Amino acid sequence: MKKTNNSLKKLRKAMEKVQDGDRYEHTLGVEYTAAALAMRYGGNVCDAQAAGLLHDCAKCLSDKKRLKICEKHHIPISKVERKNPFLLHAKAGAYLARKKYGVKNQDILNAIQNHTTGRKEMSLLEKIVFVADYIEPGRKHAPNLAEIRKMAFLDLDGALLKILEDTLSYLEISGGDIDPMTEETRKYYSKKKQ
């Protein structure tokens, strides 16, 4: 997919059709923030915008539909994801980005697939989308948000690690299920920071 202004406009229109109002506003915020972070760190701005626009393209699907997409197309489903199918929006979203929206760029697809849990050795684009999803302007109730927003433009890996730590801390306190990939990603970036 060639990411000209025209194709970004088409993606915006497509997302407006498949997302509710709040989700669409969040999507535009992630697109904007991902573009800003790409400019800051020398990444491809159009790729960042496309990944930001598509990161939640499967978010408004039902749990049943996300499970069906993953099962039908042999996309691995962890125990935590099977128990909490809403977590599959990233994997199902990467599939839809490729099949429905014509994305061929593997880095964009990886950024969509890994924007919730992260992974070891993330590309610059994957880190940008992961962080942009957390700090976009419409986000109001995340721990240490002001600190992480500042950090994101000074130390991307530091912001990534802080988001992972805060997410895991929140899940532990609230009794939520922890995806093993999130813990693995935190350990990887924690060691890298030492």
Count - residues of region 46-96 that are of a type in the set (A, V, I, L, M, F, W, C), assigned to a helix (DSSP H, G or I) and either within 13 Å of the chain's Cα centre (by Cα) or modelled with pLDDT under 95 (or both) = 12
Close pairs (7 angstrom Cβ cut-off, 6 or more residues apart or separate chains): under 14 Å from Leu161 (Cα atoms) in region 118-142, among the acidic types (Asp, Glu) and surrounded by fewer than 22 Cβ atoms within 10 Å (Cβ to Cβ) anywhere = Lys120/Glu184
Determine whether Glu126 is open to solvent by 10 Å² or more (accessible area, probe 1.4 Å), under 25 Å from Gly176 (Cα atoms) and not hydroxyl-bearing (Ser, Thr, Tyr).
-> no
Quick one: Arg66 ticks every box in (1) in contact with a Pro (Cβ under 6 Å, 6 or more places away or on another chain); (2) over 21 Å from Asp177 (Cβ atoms) except a single one, so which number is it?
-> (2)
Have a look at Arg82, Arg40, Arg12 and point out the one that is within 22 Å of Arg149 (Cβ to Cβ) and charged (D, E, K, R).
-> Arg40
Exclusive hit being crowded, with 18+ Cβ neighbours inside 10 Å, under 25 Å from Leu61 (Cβ atoms) and within 15 Å of the chain's Cα centre (by Cα), set Tyr101, Tyr134 | Tyr134
Output the number of residues of region 140-194 satisfying the condition of being among the acidic types (Asp, Glu) and open to solvent by less than 60 Å² (accessible area, probe 1.4 Å).
-> 6
Whichever residue in region 14-56 is crowded, with 20+ Cβ neighbours inside 10 Å and among the acidic types (Asp, Glu) and, among such residues, is farthest from Gly138 (Cα to Cα) | Asp47
For Ala159, which of the numbered conditions (1) touching a residue at least 40 places away in the same chain (Cβ under 8 Å); (2) assigned to a helix (DSSP H, G or I); (3) among the small types (Gly, Ala, Ser) fails to hold?
-> (1)
Subset of region 15-27 [within 27 Å of Arg149 (Cα to Cα) and either more than 14 Å from the chain's Cα centre (by Cα) or free of Cβ contacts under 8 Å to residues at least 24 places away in the same chain (or both)] | Met15, Glu16, Gln19, Asp20, Gly21, Asp22, Tyr24, Glu25
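The values are calculated or read from the model by the stated rules, or taken from the named source; none is laboratory data. Just so we're clear, the structure is a prediction, and the values are computed from it rather than from any experiment. In this analysis, Cβ positions are derived from the backbone assuming ideal geometry, glycine residues included, and neighbour counts consider all displayed protein chains. Ligands, DNA and RNA are stripped out before the accessible areas are found, and what is left, the full protein with its side chains, is counted by its heavy atoms. Shrake-Rupley method; radii C 1.70, N 1.55, O 1.52, S 1.80 Å.
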